[in-house]
Amino acid sequence: MIYSKMWCVVKPSVGIPVFIAAVAIASFSVHLALTLNTTWVKNFLNGGAKVVAAAPAAESTVKK
């Protein structure tokens, strides 16, 4: 372990839950920012209107 001496200062029973809580808060804040600052995420999560892409018309290969 690279930071083995850190556990001499911070007890693992305190450090590990604080680390996990920090990761959870950071993840939540990123997802909240995406939801509030974009339009397509809200439409995607709410099942917005479906857009059907039309295929271009095929050209005829028959010679006249």
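On the beta carbon distance between Lys42 and Val18, with R0 = 25 Å, the FRET formula returns roughly 0.15. Using only Cα atoms, tell me the angle between helix 12-37 and the longest principal axis of the chain; keep it within 0 to 90° and round to the nearest 10. Approximately 30 degrees, to the nearest 10.
Just so you know, all these numbers are worked out from the coordinates, no wet-lab data involved. It should be emphasised that the depicted structure is a prediction, and the values quoted were computed from it without experimental measurement. Every residue, glycine as well, gets a Cβ built from its backbone with ideal geometry; the counts of neighbours run over all protein chains shown.
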